[in-house]
Amino acid sequence: MVLVLRFSHVFFGALWVGMMAFQTFFLMPALAEAGPDSGKLMAALMRRRIPVIMPIVALITLVSGFWLFQRLSGGAAAGLMRTAMGLAFGSGGLAALLAFLLGIVVMRPAMLRSIAVAASLATASPEERATLAAELQRLRARGAMTGWVVMILLLYALGAMSVARYL
Ligand code: HEM
């Protein structure tokens, strides 16, 4: 059982941080540079169900992580948190949980809305275009800004997890 837990945790944790790093450091800046052409790429990403896959990958990491933490503490989480190792696993876990919540509550809706606005931009009248373009820019800025916060939290979690055992 512990093998399955550890495998799921490290495997999906790596995928979560890796996908998010690609999105934050490469995809978002590239989409911003592409301007109006970015709509097609966003639609193609949607067809590959990225807004569904990412939360599932994150959830598997979170559930297995809290389960492993519970197992490691033998039911005494407060005691484990008083050790340097426990503090690193615990604070890293908390950072990952915060990253997940921010992603679901702020980033995901901004991304979905910006895809809808980008799609309607193609058929909008010239008067509507300026308003829609401004909204698109605002949504993208919010998504990118939150993306950076999520990324920093995830990098903290990854860093803390990778050294926790040796503290
Ligand atoms: C970004 C998300 C996460 C990533 C990338 C990640 C990564 C890792 C890695 C690479 C390890 C192996 C460390 C080692 O064996 O020395 C690990 C172990 C561990 N992680 Fe995470 N983790 C994440 C989220 C979480 C969360 C949310 C928790 C919940 C508290 C958590 C709790 C643990 C625990 C307790 C272990 C030790 C497991 C054991 O006893 O072998 N992790 N994690």
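FYI, it's all coordinate maths here, none of it is from the lab. Because the structure is a prediction, the values reported are computed rather than measured. Cβ atoms come from the backbone with ideal geometry, glycine included; neighbour counts cover every protein chain shown.
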Check: So which pairs qualify, if the first residue must be in the range 34-57 and under 21 Å from L154 (Cβ atoms), the second must be of a type in the set (A, V, I, L, M), the Cβ gap must be under 6 Å, and the two must be at least 6 apart or on different chains?
Finding: V57/L15
Checklist line | Residues satisfying the stated conditions in the range 88-121, i.e. free of Cβ contacts under 8 Å to residues at least 24 places away in the same chain and out of contact with any Phe, Trp or Tyr (no Cβ under 9 Å at 6 or more places or on another chain) | finding: L94, L101, V105, P109, A116, V117, S120
Notebook entry, point to check: Among M20, M28, which is closer than 13 Å to A58 by Cβ, touching a residue at least 60 places away in the same chain (Cβ under 8 Å) and part of a helix (DSSP H, G or I)?
Noted result: M20
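What residue, among those in the range 104-123 that are β-branched (V, I, T) and within 13 Å of the chain's Cα centre (by Cα), is surrounded by the fewest Cβ atoms within 10 Å (Cβ to Cβ)?
Among them, the one singled out is V105.
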Checklist line | helices (runs of 4 or more DSSP H) wholly inside the range 48-167 that include at least 1 residues being near the ligand (Cβ under 9 Å from one of its atoms), under 14 Å from G13 (Cβ atoms) and of a type outside the set (V, I, T) | finding: 50-73, 84-102, 126-163
Item checked: Count - residues of the range 3-26 that are away from the ligand (no atom under 16 Å from the Cβ) and either of a type in the set (D, E, K, R) or within 20 Å of E135 (Cα to Cα) (or both) -> 0
